[in-house]
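Notes follow the structure.
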Amino acid sequence: MNMTRNRQLIHALFLLAAPVIVAWFGLSVPAAVLLVLLALVWRWLIVMSGWRFPEPAPDLILETISASHYVEKVRWCMDRMELDYTEKPVGGTLGAFYRGRTVPLLKAKTGAVFSEIGNSDEILRYVWGRYAYLDEGAAEFLRPTAARIEFERRLDGYGRMLQVWIYSHILNDKELALHAWGVNSPAIPLWQRQLLRILAPLQILLIRRAFRITPRNATRAGERISELLSEMNAALQDGRKSLLGGDELNYTDFAFAAMCGLWLMPERYGAGKADAVRIERERMPPAAQSMIANWEAENPEVIEYVQELYRNER
């Protein structure tokens with residue numbers, strides 16, 4: 001943690017402690033006002049020191065959780081663009097419920113400050129707009145055409161159904177859920193891993209509520225996933241290289257592969273950055289294993305397509 005962040009953390013802790021200080025010492029109203037003014041001056045000095053003595057930082061920081069199909073979609077495209085970025089893994093679900101921050105989250109250096117961009121779709125639009133001029137040919141796969149954006153919306157729906165389906169299976173096994181959230185990943189700060197264990201019962205409850213995890217919704221999610229896989233399997237039978245047709249791959253192909261990778265878990269899923277959260281097939285509940293086996297048997301073209309993309313493009 002750099003010096004500026006240390007100061008910001010101390011300042012935040014001071015703000016939390018300020019009411020306790022006032023109550024503990026029975027400070028008068030003028031004294032309390034003075035305390036607030038001192039805190040404001042302190043914050044101003046922190047800001048000014050950051051402008052006067054900026055600390056070196058990478059231009060791009062991608063905040064991630066390892067087992068996320070949306071993260072994998074962005075990570076794959078940024079790797080394909082050969083962008084120089086720093087990945088910052090965080091404990092799964094902590095940011096969304098306690099900080100109001102979802103992943104992936106891209107922090108991009110824009111002048112003297114960092115801008116934050118959330119949601120995988122918006123991140124890819126930024127990457128296209130910011131870096132396509134460097135090599136338009138290499139960035140062509142990211143061009144946001146109307147057809148690609150419409151298909152991307154459909155894939156986002158597939159991604160949400162996957163969240164419902166997967167959580168309906170792993171939330172019944174606390175250790176399995178914790179493993180998926182990163183408690184066994186050395187890349188995630190130790191304090192976050194410990195916090196995940198402490199908050200696990202609450203996390204599970206919040207996820208069930210947030211994603212509406214019920215047997216009925218899980219069944220419906222599985223059916224919608226099966227429908228999409230069947231449609232893509234039929235489309236691929238004409239020998240196309242891209243799901244939208246033709247031989248030129250684009251970011252929606254990688255997005256589809258990333259989402260299928262969440263349950264198929266090909267060897268290069270995450271390009272080595274998700275190994276610590278992999279859930280091998282035999283560790284999944286029997287009902288999930290059975291469903292995955294059915295998807296594989298009924299959609300051989302999809303399975304080969306995803307596996308080939310991971311072999312040759314990841």
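The values are calculated or read from the model by the stated rules, or taken from the named source; none is laboratory data. Values in this document were obtained by computation on a predicted structure and should not be read as measured data. Note that we place each Cβ from the backbone using ideal geometry, even for glycine, and neighbour counts take in every protein chain shown. When the accessible area is computed, the model is the full protein with side chains, heavy atoms only, and any ligands, DNA or RNA have been set aside. Shrake-Rupley method; radii C 1.70, N 1.55, O 1.52, S 1.80 Å.
Relative to the longest principal axis of the Cα atoms of the chain, the long axis of helix 215-235 makes an angle of roughly 50 degrees.
As a size descriptor, the averaged projected area of the C-alpha convex hull of segment 181-220 was calculated at 3.5 nm².
To the nearest ten degrees, helix 120-131 and the longest principal axis of the Cα atoms of the chain are 80 degrees apart. In terms of overall dimensions, the C-alpha atoms belonging to segment 227-276 reach 37, 24, 14 Å along their principal axes, ordered largest to smallest.
Taking amide H as placed 1.01 Å from N in the peptide plane, Glu87 has its amide H under 5 Å from the amide H of Leu62, each at least 5 places away in sequence or on another chain. Sorting the Cα pairs of segment 86-219 by distance into bins of 5 Å, from 0 upward, gives 2, 8, 14, 17, 17, 15, 12, 9, 5, 1 percent per bin.
Assign one of three labels to the chain, namely rounded, prolate or oblate, based on the Cα gyration tensor with a ≥ b ≥ c the square roots of its eigenvalues; rounded applies when a/c is under 1.5, prolate when it is not and a/b is larger than b/c, and oblate otherwise. In terms of gyration-tensor shape, oblate.
Sequentially through segment 83-91, phi angles give Karplus couplings (6.51, -1.76, 1.60; θ = phi - 60°) of 7, 8, 9, 10, 8, 10, x, 10, x Hz, Gly and Pro residues having no value and appearing as x. The trypsin sites (Lys or Arg not before Pro) found in segment 87-185 that occupy coil by DSSP, while having at most 16 further C-beta atoms within 10 Å, are Arg99, Arg101. Probing with 1.4 Å while keeping every protein chain in the model, the per residue accessible area of the chain equals 53 Å². Within the shell defined by Cβ-Cβ distances under 12 Å, the residues around Met284 carry a net charge of 0, with Lys and Arg each +1 and Asp and Glu each -1.
Between Ser185, Ser168, Ser115, the residue with the greatest mean-square fluctuation in the GNM of the chain (Cα pairs under 10 Å linked by springs) is Ser115. Highest mean packing first, where packing is the average number of other Cβ atoms within 10 Å per residue, the peptides 229-236, 25-32 line up as 229-236, 25-32.
Along segment 140-153 the Karplus relation, 6.51 cos²θ - 1.76 cosθ + 1.60 evaluated at θ = phi - 60°, assigns HN-Hα couplings of 4, 5, 9, 4, x, 6, 4, 5, 5, 5, 5, 5, 4, 4 Hz to successive residues, with x for each Gly and Pro.
Between the helical axis of 286-298 and the longest alpha-carbon principal axis of the chain there is an angle of about 50 degrees.
When each of the peptides 215-222, 15-22 is scored by how many other beta carbons lie within 10 Å of its residues on average, the order from highest to lowest is 215-222, 15-22.
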